[in-house]
1. Would you calculate the separation in nanometres between label points at B:LEU264 and B:ILE139, each defined as 7 Å from the Cα along the Cα-to-beta-carbon direction?
2. How big, in percent, is the set of alpha carbon pairs in chain B lying more than 34 Å apart?
3. Among B:GLU182, B:GLU126, B:GLU135, what's the order by accessible area (1.4 angstrom probe), most exposed first?
4. Would you tell me the accessible area of B:ARG250, worked out with a 1.4 angstrom probe on the heavy atoms of the protein chains, in Å² to the nearest 10?
5. Taking the Cβ of B:GLY178 as the center, what net charge do the other residues with Cβ under 10 Å away carry, scoring Lys and Arg +1 and Asp and Glu -1?
6. Measure off 7 Å from each Cα along the Cα-to-Cβ vector at B:SER222 and B:LYS146, then give the distance between these two points in nanometres to one decimal.
7. What does the charge add up to near B:GLN196, with Lys and Arg as +1, Asp and Glu as -1, over the other residues with Cβ less than 13 Å from its Cβ?
8. What spacing in nm lies between the two simple spin-label points modelled at B:SER82 and B:SER54, each 7 Å away from Cα in the Cβ direction?
Amino acid sequence: MKNFKSLLCLFLFMIAGTSSFGEGNSLFKYDCADVTFSCGATGYVCGNANESLVDRAWKLDGEICG
Amino acid sequence: MKIAITLLATCLTVSVMLAQPGSQALKCTYQLTFQPDSTDKNNQQNELMLLYISKNESQFVSKNFMLRDSLKKVVKRNYDPSSGHLDLSQVSIPQTRFRFIIYKSQEIIDVFYDKLGWFKYSEDPEELCWEISNEIKSINGLSCQKAMVSHGGRNYVAWFTNEIPVPDGPYIFSGLPGLIVEITDTQNHYNFSLIQVQNHNGIFPFEEPKDYLTISKAKFLSFMADYRKNPIKHLKQYASVSLSPAERKRIKDRESRRNNPIELKAN
């Protein structure tokens, strides 16, 4: 029973960690920052499981300032 | 102007001689001149594009796209996550309208497009039905032969040279008996002109992206059309960006003026 509880806790922990509750709000926090883009526009950007904050900011810079 | 053209021609000829057409790995630099707004002939823009050819495969990218990638690595190294602020306004980031990597082989053309995430669509090189003419002209000292093809809703006139017997060229164009030296659509909205040929080490500058969405070309073009119509919606879907009303207007206006993509339809 104890083992089952431990496994259940681990399972819930993994679910919580991998679920997304909005940018930067999952149990495993992703890096977030205020970004000033190369053309002066600003935004708040977070990394996620697939892309780092810099990768995402870089892509946005291409779209906003390109 | 004449001196500049003579210098360019000499440079190209010398580079081609140095490149030894028989060797396998070539780096070809093309100048792309394009008209982003079909209604504004006075707005012509330029970008340098690079074609890396190795054995029977090639990779085609914008030079600025490549420079951006190198610069991003430097910014990543120097970024301090504890600062809570990333200032890209201090970095001189080269901008490009062509954020794609095109891999070509005799069997397939794979287009990887970076538009807030990687998309991939493929084309069949055999669908490029070239019509080769007997017309010959000299371009920058190279003897070139004329060929015509229709692609993506445009009709193109190409000039290829048998002096560099490599069946490749800029963008998705390939399959001629020699390297494409110049290719222009008949409306003169997109023109690729070869300005330099060099040897290179045979290693492509980009690895294939790891995470991408495979999509049909038709769906991709429809996504791009929707992006041009609703850029702010797509930006907000990607990240919580707070743009001022003036910035939003600037981006919307800019996208509406980019109404002349190289691919008008999926064929």
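1. In this crude label model, B:LEU264 to B:ILE139 measures out at 2.1 nm.
2. Considering chain B, 22 percent of its Cα-Cα pairs are separated by more than 34 Å.
3. Descending accessible area places them as B:GLU126, B:GLU135, B:GLU182.
4. 90 Å²
5. Summing Lys/Arg as +1 and Asp/Glu as -1 gives -2.
6. Result for the modelled spin labels: 3.9 nm.
7. That sum, taken over residues with Cβ under 13 Å, equals +2.
8. In this crude label model, B:SER82 to B:SER54 measures out at 4.1 nm.
The values are calculated or read from the model by the stated rules, or taken from the named source; none is laboratory data. These numbers come from a predicted model, not from an experiment. Note: ideal-geometry Cβ built from the backbone for every residue, glycine included; neighbour counts use all protein chains shown. To get the accessible areas, we keep the full protein, side chains included, count just its heavy atoms, and leave off ligands, DNA and RNA. Shrake-Rupley method; radii C 1.70, N 1.55, O 1.52, S 1.80 Å.
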